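Okay, so here's the structure we're looking at.
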2 protein chains.
Amino acid sequence: MALKQADPELADLRSRIRHSAAHVLAEVVVELFPDAKLTIGPPTQDGFYYDFAVDEPFTPDDLKRIEKRMRKSIGRNHPFVEREVSRKEAVELVKDNPFKLEILEGIPEDEDVTFCAHGEFEDLCRGGHVESTGQIKAVKLLSASGAYWRGDEKNPMLQRIYGTAWESKEAQAEYLHMLEEADRRDHRKLGRQMNLFFFDPVSPASPFFLPKGTYVFNRLVEYVRGLYGRYGYDEVITPELFLTDLWKTSGHYEAYIENMYTMEVDEREYGVKPMNCPAAAIIYASSLRSYRELPIRLADFGRLHRYERSGVTHGLMRVRSMVQDDAHIFCTPDQIGDEVRDFIAMLQESYKVLGFEEIRYALSLRPENRVGSDELWDSAEAALTEVLEASDLKHDVEPGEGAFYGPKIDMFVPDAIGREWQLGTVQLDFNMPERFDLDYVAEDGSKQRVVMIHRAMLGSLERFLGVWIEHLAGNFPVWIAPVQAVLVPITDRNVEYCRGVQAQLKASGLRVELDDSNERMNAKIRKAQLQKIPYMLVVGDREQEGGTVAVRLRNGDDLGALDINEIEERILNEVQTYA
Amino acid sequence: MALKQADPELADLRSRIRHSAAHVLAEVVVELFPDAKLTIGPPTQDGFYYDFAVDEPFTPDDLKRIEKRMRKSIGRNHPFVEREVSRKEAVELVKDNPFKLEILEGIPEDEDVTFCAHGEFEDLCRGGHVESTGQIKAVKLLSASGAYWRGDEKNPMLQRIYGTAWESKEAQAEYLHMLEEADRRDHRKLGRQMNLFFFDPVSPASPFFLPKGTYVFNRLVEYVRGLYGRYGYDEVITPELFLTDLWKTSGHYEAYIENMYTMEVDEREYGVKPMNCPAAAIIYASSLRSYRELPIRLADFGRLHRYERSGVTHGLMRVRSMVQDDAHIFCTPDQIGDEVRDFIAMLQESYKVLGFEEIRYALSLRPENRVGSDELWDSAEAALTEVLEASDLKHDVEPGEGAFYGPKIDMFVPDAIGREWQLGTVQLDFNMPERFDLDYVAEDGSKQRVVMIHRAMLGSLERFLGVWIEHLAGNFPVWIAPVQAVLVPITDRNVEYCRGVQAQLKASGLRVELDDSNERMNAKIRKAQLQKIPYMLVVGDREQEGGTVAVRLRNGDDLGALDINEIEERILNEVQTYA
């Protein structure tokens, strides 16, 4: 996740502002906490942090005091002054600070050692500041938390202060508003509130989907399956546990084993699959293939497991157990263009339905080290470029950024509060067909190497659900909302009538609940709103007599009394059109 | 799998006939292969075997010779004569045979040692013969294969001869016919032939489902989901990897760890789940439950992994990786009867659709060692009994056979060739709610222990598919057949017309292929029959002119020319009615 990219010049300015703000933070902390030892304080995507070795965690009050003093320091508009120092002098300057000494040791002999000062404060630093503190037009400390030195839990625990800093008060206000919105939309909160999913320490970073979350998950799979039917994909089911020989063949073993769950069975090493591609290769290789069969498009909703350190897992966004809308296309080199074009068409169709209208494409071209002939790369890159240009798709070209096994296009979307997410990808692979010896009999009877294409639209469905819930603020569209409408009888007299309406709507395939609890109407409506149920159908005596329901929407809109058939048609229409 | 049960008397006779036949087999083998050492030779469900220590494996010709001589020996009608011998004498009798010596050592001191003779042959034996060899009215040797002494691969390899023997030639003929049929229906053969699934050594005993097999698998899940919708089940998705703490809580750790895949992660032991129940308990426990919410029925199609030794795995019938149509019901003790009754109704509905009309129920009652109060057992057993009796369901009662945690009902069905399979089960569980401390707030505000019910209709879907394919001989009903019809143009002139028909049928949601290969019509029809495609729609000039297709069924029936709309309606109707 990241804010939508700023232009490079602004991005550079922001990075320097934040690096500078970290210096000011360090200045103030050693002033207020003389025993604090400085360690590192880099700029980040949207702000900065600084890690301090202190005896006590920082309190919210500490942060307020620190922030106030930072503003003062900034107000003095100290210039940042860099100076080169000898190693000996540098060691002398930081001799009381084992962390800085360690950093110093890590600086290669042939690199200069620089310190940077503003006012009376000076810190070991590589540079990258604004000219003076006054250019930090806005700064805000956000939070503090523990963090291990160098991120390693065997090292001492430090205290990290997170902040953000901007080129204008407006930019910061916008960012802080986005943070607030992000907090309000936090999928972990909504997941609990809407009874979608939860986590339990007995299976770290692996969601338990409750019935409503399961409905959404399954409906999403079903939706993608529907697309697969129309776009000519075939689905397969492949095992989850393999002898690690599989990944020795695929080449993943060397690069990825650290992220895999492995075990010893019958004196051989097995692993839980972290990706579907090698299994797709096994399926392709399971029978002799003719050019007539190509392209073969194999989709696999297999569950994948990837070990992530507990420090980096985050709700559904980064989990250890996931399902991808994963498919592998096997085709001839000539078919690459058509396949990528059709894939992008399907992806666009799905993003539109899912409420992501704007897509940024990033085309990554050949890196220095690669497999496959230049001829193959030429034609593949040309095919990808042509697909993007023919449809006039806004895209960035990133030379050298392709994988060693082939060029790729990644798809990014902005969400409702301006953050950008990578969802889709389409990657050509000239390597796996070599490793698994995958070929087809060409029209002339010769054996030819097949091309493999990895592609996903939504990526990990768990992560997508996390992104989507935050994008929608939990307001799932009607077609996939686990409960589409709730009937709210005002008195007990109206319950029977509500049951009839519920039965009618259910018979049409709608997912309708009846809230016949003893609570008051307003409490029931509030409950339904927290559950983000699209339609609240309120029934009092008047509605009952008129054969209607009073319709309220989750956004608070009041549609007044509607005839049962009218509301039924309205909802069914929304389902059909993915409204 | 087993043949349908014979009545106890006949079953006992057959067992004695087969035990006797094993003796005759041993007699002949030592006669023909004087160096052969005898080991053990028990009767089995449908026959018998004998394991011999010999230098060379038996050839098919050996089996013929042996069988011929066995018939001779049987013709002599030797009486079986048992005699008790002292241990000393016994040791003397088998002193050249280390296997028999080992068996002898294993006989408890307070047990008699007996030998049994017929003609000049005598063998150490516990007894259980017919009176004389002449009562073996039919015998047939079936196969030979290697087998480790005592089933342990660290022991010497022996050679096992399998045979069968019966009380009449007719009974044996029927059985041999069944074996032939079973071979013809072998799901492993049909799985390859019909492109449903295959196995690969890189993931032992774990099927790869090809697109057609995946279609059937997913359609089956969808069918069960449809039932769940109507019978008030909620589906959940739970993790697959857990800290083994989970199974320490559930109690499975002690009993089941040998069959689990476990690994070390972050210095803690994790396991891959072999069953869904503990995860269901975690979900139940994830919020405070009120009696108003009960019953809660949680279905989970989670993938399970169970370690099985490679010697016992068998096609889809016994795999290491499976999905069950598994659900857990949480209810009050009072709700047990209704829940079991509704479950059986759903099970009956599904078995009917799937082509298993006859069901045998086996009710297992309290064992000696158990948890839960007698009061709870009384009412639970009464509830199960009442359900079975109220619906007049044919059932066996098996006192003492219940699990320690509760009584259960198992469901058995006979397949098309007379073998009986256990598919369904419903098991009450008084233990897991204790271990996970699962309760609900009763109407009076008190906390009450909830009852947990494990239930499955089809059991492992992989295994069910294996059983089902053999039951159907691959002839999936139209509603689930991966390809419902294939269009067979007789000449190239007819291809275009066929495409139109295909488009029309596909638009109605039917799964229709077009065979526009260069093969002759008869070859195309043969191919379609091997694929067990329900409808072959043949199109020549005459059909094309008349707007019809000539309809052939996979069983060879010829329906003649039918109007397109007519055949479309026919197939759609079969889909709708699960015909």
In the set A:K140, A:K100, which member is closer than 23 Å to A:R16 by Cβ and assigned to a strand (DSSP E or B)? A:K140
A:K532: surrounded by fewer than 23 Cβ atoms within 10 Å (Cβ to Cβ), touching a Gly at 6+ places or on another chain (Cβ under 6 Å) and at pLDDT 95 or above, yes or no? yes
Pick out, from segment B:273-336, the strands (runs of 3 or more DSSP E) lying fully within it that include 3 or more residues that are open to solvent by less than 10 Å² (accessible area, probe 1.4 Å), without any contact (Cβ under 8 Å) to a residue 24 or more places away in the chain and of a type in the set (D, E). none
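Would you mind stating whether B:D437 is farther than 30 Å from B:L246 by Cα and of a type outside the set (G, A, S)?
The answer is no for B:D437.
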Within segment A:498-523, take every residue that is without any contact (Cβ under 8 Å) to a residue 24 or more places away in the chain and in a helix (DSSP H, G or I) and give me the one that is surrounded by the most Cβ atoms within 10 Å (Cβ to Cβ). A:Q502
Counted residues, segment A:61-72 - those being open to solvent by 30 Å² or more (accessible area, probe 1.4 Å) and within 32 Å of the chain's Cα centre (by Cα): 1
Residue among A:L210, A:L241 that is under 30 Å from A:V265 (Cβ atoms) and at the interface with chain B (Cβ under 8 Å from one of its Cβ atoms): A:L241
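Residue under question is A:D123, and the condition is that it be farther than 30 Å from A:A182 by Cα, in the same structural domain as A:R18 (by TED's automatic domain parsing), open to solvent by 60 Å² or more (accessible area, probe 1.4 Å) and in contact with a Lys or Arg (Cβ under 9 Å, 6 or more places away or on another chain); does it hold?
Spelling it out, it is not the case that A:D123 is farther than 30 Å from A:A182 by Cα, in the same structural domain as A:R18 (by TED's automatic domain parsing), open to solvent by 60 Å² or more (accessible area, probe 1.4 Å) and in contact with a Lys or Arg (Cβ under 9 Å, 6 or more places away or on another chain).
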Just wondering, is there one or more residues in segment A:283-292 that are within 26 Å of the chain's Cα centre (by Cα), at the interface with another protein chain (Cβ under 7 Å from one of its Cβ atoms) and either hydroxyl-bearing (S, T, Y) or over 25 Å from B:T262 (Cα atoms) (or both)? no
Search result, residues across segment B:550-571 that are over 18 Å from B:M521 (Cα atoms) and open to solvent by 60 Å² or more (accessible area, probe 1.4 Å): B:D563, B:N565, B:E566, B:E569, B:R570
Please find, within segment B:196-205, the residue that is farthest from the other protein chains (Cβ to nearest Cβ) out of those that are surrounded by 21 or more Cβ atoms within 10 Å (Cβ to Cβ) and within 20 Å of the chain's Cα centre (by Cα). B:L196
Residue tally, condition in contact with a strand residue (DSSP E or B) (Cβ under 7 Å, 6 or more places away or on another chain) and over 27 Å from B:R320 (Cα atoms), over segment B:439-480: 9
Scan segment B:47-60 and tell me whether some residue there is under 21 Å from B:P156 (Cα atoms), in a loop (DSSP other than H, G, I, E, B), open to solvent by 20 Å² or more (accessible area, probe 1.4 Å) and of a type in the set (S, T, Y). yes
Can you tell me which of B:G41, B:G106, B:G75 is of a type outside the set (A, V, I, L, M) and surrounded by 16 or more Cβ atoms within 10 Å (Cβ to Cβ)? B:G41
Boolean, B:L142 is open to solvent by less than 60 Å² (accessible area, probe 1.4 Å) and either modelled with pLDDT of 95 or more or within 16 Å of B:D51 (Cβ to Cβ) (or both): no
If you check B:R230 against the conditions, is it within 14 Å of chain A (Cβ to nearest Cβ), at negative phi, in contact with a strand residue (DSSP E or B) (Cβ under 7 Å, 6 or more places away or on another chain) and open to solvent by 40 Å² or more (accessible area, probe 1.4 Å)? no
Can you find even one residue in segment A:324-331 that is among the polar types (S, T, N, Q), over 30 Å from A:K189 (Cα atoms), more than 12 Å from chain B (Cβ to nearest Cβ) and in contact with a strand residue (DSSP E or B) (Cβ under 8 Å, 6 or more places away or on another chain)? no
Starting from residues that are out of contact with any Pro (no Cβ under 9 Å at 6 or more places or on another chain) and over 18 Å from A:D326 (Cα atoms), keep the ones in segment A:408-425 and report whichever is modelled with the lowest pLDDT. A:G418
B:E401: passes all of (1) open to solvent by 10 Å² or more (accessible area, probe 1.4 Å); (2) modelled with pLDDT of 95 or more but (2)
Here the qualifying pairs (Cβ atoms under 7 Å; residues six or more apart or on different chains; first in segment B:60-75 and in the same structural domain as B:V139 (by TED's automatic domain parsing) and more than 19 Å from B:P34 (Cβ to Cβ); second assigned to a helix (DSSP H, G or I) and hydroxyl-bearing (S, T, Y)) come out as B:I74/B:T133
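Yes/no per residue for (1) more than 8 Å from every other protein chain (Cβ to nearest Cβ); (2) within 30 Å of B:G445 (Cα to Cα); (3) open to solvent by 10 Å² or more (accessible area, probe 1.4 Å):
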{"position": "B:L176", "(1), (2), (3)": "yes, no, yes"}
{"position": "B:H187", "(1), (2), (3)": "yes, no, no"}
{"position": "B:M194", "(1), (2), (3)": "yes, no, no"}
{"position": "B:Y215", "(1), (2), (3)": "no, no, yes"}
{"position": "B:E222", "(1), (2), (3)": "yes, no, yes"}
{"position": "B:W247", "(1), (2), (3)": "yes, no, no"}
Criterion (modelled with pLDDT of 90 or more, surrounded by 14 or more Cβ atoms within 10 Å (Cβ to Cβ) and either in a loop (DSSP other than H, G, I, E, B) or in contact with a Gly (Cβ under 9 Å, 6 or more places away or on another chain) (or both)) met by exactly one of A:E358, A:E381, A:E368: A:E381
Within segment B:464-481, identify whether any single residue is in a helix (DSSP H, G or I), open to solvent by 40 Å² or more (accessible area, probe 1.4 Å) and either without any contact (Cβ under 8 Å) to a residue 12 or more places away in the chain or of a type in the set (D, E) (or both), and answer yes or no. no
Here's a check for you: in segment A:257-272, which residue that is at the interface with another protein chain (Cβ under 9 Å from one of its Cβ atoms) and touching an Asp or Glu at 6+ places or on another chain (Cβ under 8 Å) is farthest from A:R435 (Cα to Cα)? A:M263
Criterion first (of a type in the set (S, T, N, Q) and either surrounded by 22 or more Cβ atoms within 10 Å (Cβ to Cβ) or free of Cβ contacts under 8 Å to residues at least 40 places away in the same chain (or both)) does A:Q448 satisfy it? no
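The values are calculated or read from the model by the stated rules, or taken from the named source; none is laboratory data. Everything numeric in this text was worked out from a predicted model, so none of it was measured. Quick reminder, even Gly has a Cβ in these numbers, built from the backbone with ideal geometry, and neighbours come from all protein chains shown. Please note that ligands, DNA and RNA were not included when accessible areas were found on the heavy atoms of the full protein model with its side chains. Shrake-Rupley method; radii C 1.70, N 1.55, O 1.52, S 1.80 Å.
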